[in-house]
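**Q** The structure's right below; bear with me while I get my questions together.
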Amino acid sequence: MLRIFNNNVVLARDASGGELILTGRGLGFQTKPGHQVDETKVVRVFHPEDGRNADNFGALVAAIPPEHLALADQALQKARRDLPTPASSTTVVGLADHLSFAIKRLRQGIQLEYPLRAEVAHLYPDELRTAQRVLEFVNTSLHQPLPEEEAVPIALHLVNAGFATGDLSLTYQMTGVFTQLFEVLEQAYERPFDRDTVNAARFITHLRYFFVRARTGRQLDDGASRLSKAIRESYPEAYGIALKLQAVLELRLGEPLTEDEVTYLTLHVARMVEDHRFR
């Protein structure tokens, strides 16, 4: 045992030397750093991921009521079939922290509006549906159910899970950038773009993975200059729009896009424009 946060949460080291957060009733009661962990009391194990500071992560876990940690964990277990990957410790703790604050606000009669609801519904329909199921499960355990609007931030936590990070700021930034990119498209064609089409969904999925690539310094860069030239010549209008999208992405992300990334943007724009024209 390395550190005791409270009676129920401690920091320990596993057999391989990695640090992890353990929770369980009375796990830290009347113990000291250096003592052996009573494994019979361990209920949940949380692994600090992506280089997160184990002490800070443990302090966050300790600040969340145990029943809310359990509720978030159980809710995500119920939704595991709809999740692209198993819920990480970061996702469970992030959702638990949100639920705990939402429950506290509800008890105090404080209501929040979520202006991103339309964007979330259009950009992340699968995550929103899963979030609604998570919320339904959560509400079965509460005397005072959370409002339906809470599905919006829950959906953003599920989106965020795909980035293997506990920082929602990237997800919020990504959502805002997506909205801005569609605004560029709609201004160019002077009419709304249907975000429910298959090609729009493909475009959004491509952008989501692009954000991951850009964040990790792994943009597409296979040197496909011959392909790029052919696509530009085949879809000059879409290429012109892709250059506008490129400008927005570079401005918002603070780094240049590779030629290959612009090429794939052009292809996605061309497909969506084709949908757009036949509606």
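The values are calculated or read from the model by the stated rules, or taken from the named source; none is laboratory data. Because the structure is predicted, anything quoted here is derived from the model rather than measured. Neighbour counts run over all protein chains shown; Cβ positions are idealised from the backbone, glycine included.
**Q** When the residues of segment 190-222 are narrowed to those that are surrounded by 14 or more Cβ atoms within 10 Å (Cβ to Cβ) and part of a loop (DSSP other than H, G, I, E, B), which ends up modelled with the highest pLDDT?
**A** Among those residues, the one meeting the criterion is F193.
**Q** Here is a follow-up. If you go through segment 176-186 one residue at a time, do you hit one that is in the same structural domain as Q77 (by TED's automatic domain parsing) and crowded, with 20+ Cβ neighbours inside 10 Å?
**A** No.
**Q** Oh, and also: Of the numbered conditions (1) at pLDDT below 90; (2) assigned to a helix (DSSP H, G or I); (3) closer than 30 Å to V273 by Cβ; (4) not aromatic (F, W, Y), L181 satisfies every one except a single condition; which is it?
**A** With respect to (1) at pLDDT below 90; (2) assigned to a helix (DSSP H, G or I); (3) closer than 30 Å to V273 by Cβ; (4) not aromatic (F, W, Y), L181 is out only on (1).
**Q** May I pose another question? Just to be sure I understand the filter: pairs with C-beta atoms under 8 Å, separated by 6 or more residues or on different chains, first member in segment 239-258 and assigned by TED's automatic domain parsing to the domain that holds G176, second member in a loop (DSSP other than H, G, I, E, B) and surrounded by fewer than 14 Cβ atoms within 10 Å (Cβ to Cβ). Which pairs pass?
**A** Short answer, once both residue conditions are applied: E250/P256; T258/D221.
**Q** Please list, ordered by residue number, the helices (runs of 4 or more DSSP H) wholly in segment 54-129 having 1 or more residues that are surrounded by 18 or more Cβ atoms within 10 Å (Cβ to Cβ) and more than 16 Å from the chain's Cα centre (by Cα).
**A** Fully inside segment 54-129 and qualifying: 54-63, 66-78, 89-107.
**Q** Can you find even one residue in segment 50-60 that is of a type outside the set (A, V, I, L, M, F, W, C), more than 16 Å from N8 (Cα to Cα) and in contact with a helix residue (DSSP H, G or I) (Cβ under 6 Å, 6 or more places away or on another chain)?
**A** The answer is no, given that none of the residues of segment 50-60 is of a type outside the set (A, V, I, L, M, F, W, C), more than 16 Å from N8 (Cα to Cα) and in contact with a helix residue (DSSP H, G or I) (Cβ under 6 Å, 6 or more places away or on another chain).
**Q** Every residue in segment 74-130 that is among the polar types (S, T, N, Q) and modelled with pLDDT of 90 or more, please.
**A** Scanning segment 74-130 gives Q74, S100, T130.
**Q** I need every pair where a residue in segment 36-50 that is under 19 Å from D73 (Cβ atoms) has its Cβ under 7 Å from the Cβ of a residue that is part of a loop (DSSP other than H, G, I, E, B) and among the basic types (K, R), sequence separation at least 6 or different chains.
**A** Pairs that qualify, where the first residue is under 19 Å from D73 (Cβ atoms) and the partner is part of a loop (DSSP other than H, G, I, E, B) and among the basic types (K, R), are K41/R25.
**Q** I've got another one for you. Could you pull out the residue among F5, F29 that is out of contact with any Leu (no Cβ under 9 Å at 6 or more places or on another chain) and modelled with pLDDT of 90 or more?
**A** None of the others qualify; the one that does is F29.
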